[in-house]
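*Asks:* Starting off with a structure, shown below.
The values are calculated or read from the model by the stated rules, or taken from the named source; none is laboratory data. Everything numeric in this text was worked out from a predicted model, so none of it was measured. As a convention, Cβ positions derive from the backbone with ideal geometry for all residues, glycine included, and neighbour counts pool all protein chains shown.
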Amino acid sequence: MTSIDRARVNGPRADQMKMAWQRFVEAFEPLRPDLYRYCRYLTRNAWDAEDLVQDALARALVTLGCVFQEIEQPRAWLFRVASNLWIDRQRRHREEAMPDVAPPAPPDERLSLEGREAGATLIGRLSPQERAAILLKDVFDFTIDETAGILTTTPGAIKAALHRGRGKLSSDRAASSSTVPATVVDAFCDAFNARDLDRLVALLLDTATADIVGIATEYGPSKMRQSDTGSLYHSLFTPISHAVAEECRRGDRGGVPRVERRAYRDEPIIVSWYDHDDGPVVRDVIRLVAEGDRVASIKFHFFSPDVVADVCGELGLPWRSNGYRYWPEETP
């Protein structure tokens, strides 16, 4: 990369793009819990749900820059973006995999969709449009016409999708796709709790990445260990007060976290405990991807409170939200 290229990437244009993203995230922050819940039902696991949320927000920001009219129904519009992304991915996946088509469930095996929680029984046997239609109509209370608008189809097609989808419901749960060895996770936790940055970095591949989900991505261990912005450095040595709004810090004692491995849906994950006046609570969920015995990527869900709540809810752990961002509400 030439010096001119670096100036283009790191100069005023990059600052303007970052500011535009921050303002966009602030504007749509009230819709994030609903958007996550919708994506969670679609994908059926916390990790893919948060990935879909982030991709939908990024796509929405790009789309917003290309429209001239005001977005009259932001919630429905954002759901449309997420729906289109997910449906497109499912179609591509099915075209590549070409699985056998499962037969519809017989009438006596059908499950009722009474109530909001019934959306959790949706499984991959449903076509993408069927699943999205049922969620939008029966779980998120959109009308038939609104659902048709979100999925860019007709009310008649939505009614047909609802009829087909309700006949295929099952309570099967998706299996975890992670294969990270527990020994790798344990080594990471041991080095973390010892505040041994060198040992922690030694566990990483030279090409490793770290995502502070929704906030930033770091490429390479050298970036992660930097004392100014490095994710590993700040996770080890910096209290949450430097990054979390005051209303989210109530009861926090200002210490650094300790981490431990937990089993979540047959996958080893890491939870970060912070001491509070009423006892320790989880404020971050960390997920590792390994190649052999080395860490290839790290995902910090520190600013993904929906994921933290989801995982801790299943594990029965106390937790606190850090909000969705580190910058003040009024972005300059």
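Every residue, every condition in (1) under 23 Å from Asp34 (Cβ atoms); (2) among the acidic types (Asp, Glu); (3) modelled with pLDDT of 85 or more; (4) not assigned by TED's automatic domain parsing to the domain that holds Phe300, yes or no:
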{"residue": "Arg125", "(1), (2), (3), (4)": "no, no, no, yes"}
{"residue": "Pro128", "(1), (2), (3), (4)": "yes, no, no, yes"}
{"residue": "Asp138", "(1), (2), (3), (4)": "yes, yes, no, yes"}
{"residue": "Asp186", "(1), (2), (3), (4)": "no, yes, yes, no"}
{"residue": "Ala208", "(1), (2), (3), (4)": "no, no, yes, no"}
{"residue": "Gly230", "(1), (2), (3), (4)": "no, no, yes, no"}
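*Asks:* Same structure, new question: May I ask you to list the residues in the stretch 51-79 that are touching a Gly at 6+ places or on another chain (Cβ under 9 Å) and at pLDDT 90 or above?
*Replies:* Those that are touching a Gly at 6+ places or on another chain (Cβ under 9 Å) and at pLDDT 90 or above: Val53, Gln54, Leu57, Ala76.
*Asks:* Now, a different point. Tell me which strands (runs of 3 or more DSSP E) are completely within the stretch 240-332 and hold 2 or more residues being in contact with a Leu (Cβ under 6 Å, 6 or more places away or on another chain), or say none if there are none.
*Replies:* 294-300
*Asks:* Pick from the stretch 262-290 the residues that are within 18 Å of Trp47 (Cβ to Cβ), over 17 Å from the mean Cα position of the chain (by Cα) and surrounded by fewer than 19 Cβ atoms within 10 Å (Cβ to Cβ): which of them is modelled with the lowest pLDDT?
*Replies:* Asp266
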